[in-house]
Structures are given as structure tokens and as C-alpha cells.
Amino acid sequence: MFKRNRHGIQIKSPEQLEKMRAAGLVVGRTLDLLKRSVEPGMTPLDLDSIAEKAIRDEGAIPSFKGYQGFPATICASVNDEVVHGIPTDARKLREGDVISIDCGAILDGWHGDSAVTVPVGEVDPKLTELMRVTEEAMWRGIAALRPGRHLSDIGFEIEKYVKSQGRFGIPPEYGGHGIGTEMHMDPWIANHGRPGRGPVLEEGMCLAIEPMVNLGTERTRVLSDEWTVVTVDGKSSAHFEHSVAVTHNGPWVLTALDGGESRLGGHPQS
């Protein structure tokens, strides 16, 4: 039922890509709502409640909730938390914070996965620049998703851009992944490395591209909750992610409301 190439990577038919797009739009609309909802005084748990209602109202299922025991609908990572932060009401967001919101949904058996880092009110210009660099690095990686290119070209483009912008840290142990009938599938995608290596990209592949970039060191550690990843120097981190399909016309950004048209130029499905 589900085609795979010789590397075991799932290849979607055009009909299956449309289903992936539907799941991606649920995630995209939910994240758009969450971005507009963030304000000082809220708790990460408030955002989690908004996300769960939005996903279920669309007839979808939160894919994070219960995944390997994760207790919430979104990952909410504040300031020095890199990824996998568990939303709680133990603290309120404050002016000057940054919060990474990672969100996933399942619709008709297909997954969408996306993340964005949002400023809470006015933030330090260094944090604004960190978010800009991380988001642009994601788009540089996404632009490499064209048939005939290699998997490692994605991480190469991400790392090349980040390094060109200053002294930032890229945690080497975290990266992107395949996505489809499961949230995390082969292949794993590094956010660094040399070009021209690994499987050749093919039409119908769907990959989640997600750079994480730290303001300081690349080194991280996991807290005692066994989920939350933080920087070892306490400096802030940013995280952006989109689920993307490889098409003959270029990348189709499944979790972007416009399919990636405004950032990549042209519509891959036209």
C-alpha cells in the first residue's frame, strides 16, 4: 500500500501527497493561531489547550500527545530550552522571552509537523537575529529539496548559512526526519555536513526540515523530565520546522499556508 524506495524511504503518490497537505494545513492553521495568541502572562499550558482544541475541531488528532509518553499536544520550549519542552502552568511567559512551539497532527492517518519560534512582546535584538537566522536556514535547507540532489545537501545548506551569519551553535544530535504515515520515519536529516552524500532525493518523498540554532554553544543536555533539551550555557535557542514534499517542480511546503510560494517563488503544484 505504501511504496518505499531501496533506502526504505516512503514515496507518496499524488493522492497521498494531497492527504499530507490536508494534515499539514491543520498544523499550519494551528500554529498561525498560536503565534497570534502568544502574549505576556500566558502559560505554555494555555497555548497547549488552544492547540488541542484547534486540532480536534478540524477532525484531526494531536500526534504528540501520548507519543512515547509525551503528555501534551505541543512542545513548548522557552528561552534556553532547545526542543521538547513540556507545557505546564508552572511559569508565565514574560516580555522578552522567546518560545518555540512545535506542533503535530494526524488527519486520515497522515501526519503534519511544524514548528515556529515566537517573541513574547519586545525582545533583545540578539534574539530577533537568532530567530531570523534560524528561520532563513530552514528555508535554505528546504530549497535543496529537488529531485536529483542528495539528502546531505539539506544539512550542508543549513550549516553554511548559519555559519555565514556569526558564531551560533547547531546541536549536532538533533535534526529533521521523514514523515508520512508516521511522525518520525527514515531518513534522519542532519542540520550540518558535507554535500553530495546519502540517498538521492525523489519525487514523493516527504521530509520535515527543522534547524535548531543556539545563541551560544552547540552543547545541550536533557533535564530530569527526560524530555526537555536545554543549552548547557543557558543561552537562548530557536527552532523552525516545516514538513515538505519533493515534487518535480520543487519543494511543496505542506505545513505553510501558501505552500511555500512566498519564500520560494512560484507554486510547486502549478
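With a Förster radius of 30 Å applied to the C-beta separation of residue 122 and residue 56, the computed FRET efficiency comes to 0.35.
Could you tell me which residue out of 150, 14, 204 lies farthest along the dipole of the chain toward its positive end? Charges go on the beta carbon: Lys and Arg +1, Asp and Glu -1, centred on the Cα centre. Checked the options; the winner is 150. In this rough spin-label picture, where each label sits 7 Å from Cα along the Cβ direction, the residue 200-residue 224 distance is 5.3 nm. Between residue 261 and residue 248, the modelled labels are 2.1 nm apart [label points 7 Å from Cα along Cα→Cβ].
Near residue 29, once Lys and Arg are set to +1 and Asp and Glu to -1 for all other residues with Cβ below 15 Å from its Cβ, the sum equals -1.
Given 4 °C and 1.567 mPa s, compute D for the range 193-240 with the Stokes-Einstein relation, Rh being the Kirkwood radius over Cα pairs; round to the nearest whole µm²/s. Value of D from the Cα-based Kirkwood radius: 95 µm²/s.
Along the positive direction of the dipole of the chain (beta-carbon charges: Lys, Arg +1; Asp, Glu -1; about the Cα centre), which of 169, 31, 240 reaches farthest? Value computed over the given set: 169. Full extension of the chain segment joining residue 65 with residue 49 gains 4.6 nm, where the gain is 0.36 nm per residue of separation less the Cα-Cα distance. For the chain, the membrane-span-like helices by this rule, meaning whole DSSP H stretches whose C-alpha atoms cover at least 27 Å of axis and whose Kyte-Doolittle mean is -1.0 or above, are 14-37; this says nothing about an actual membrane. If you take the square roots of the eigenvalues of the alpha-carbon gyration tensor of the chain and sort them as a ≥ b ≥ c, do you get rounded (a/c under 1.5), prolate (a/b over b/c) or oblate? Here the chain falls in the oblate category. Simple point charges give the picture: +1 on the Cβ of Lys and Arg, -1 on the Cβ of Asp and Glu, and for the chain a dipole about the Cα centre of about 720 debye.
Note on 77, 49, 13, 224: ascending count of other Cβ atoms within 10 Å places them as 224, 13, 49, 77, the fewest first.
Can you give the longest run of the chain that contains no trypsin sites (Lys or Arg not before Pro) sitting in a DSSP loop with at most 14 other Cβ atoms inside 10 Å? Longest site-free region, per DSSP loop and neighbour criteria: 7-90.
Read the figures in this text as sums done on the coordinates, not as results from a lab. This structure is a prediction, so every number in the text was calculated from the model and none was measured. Backbone-built Cβ (ideal geometry, glycine too); neighbour counts: all protein chains shown.
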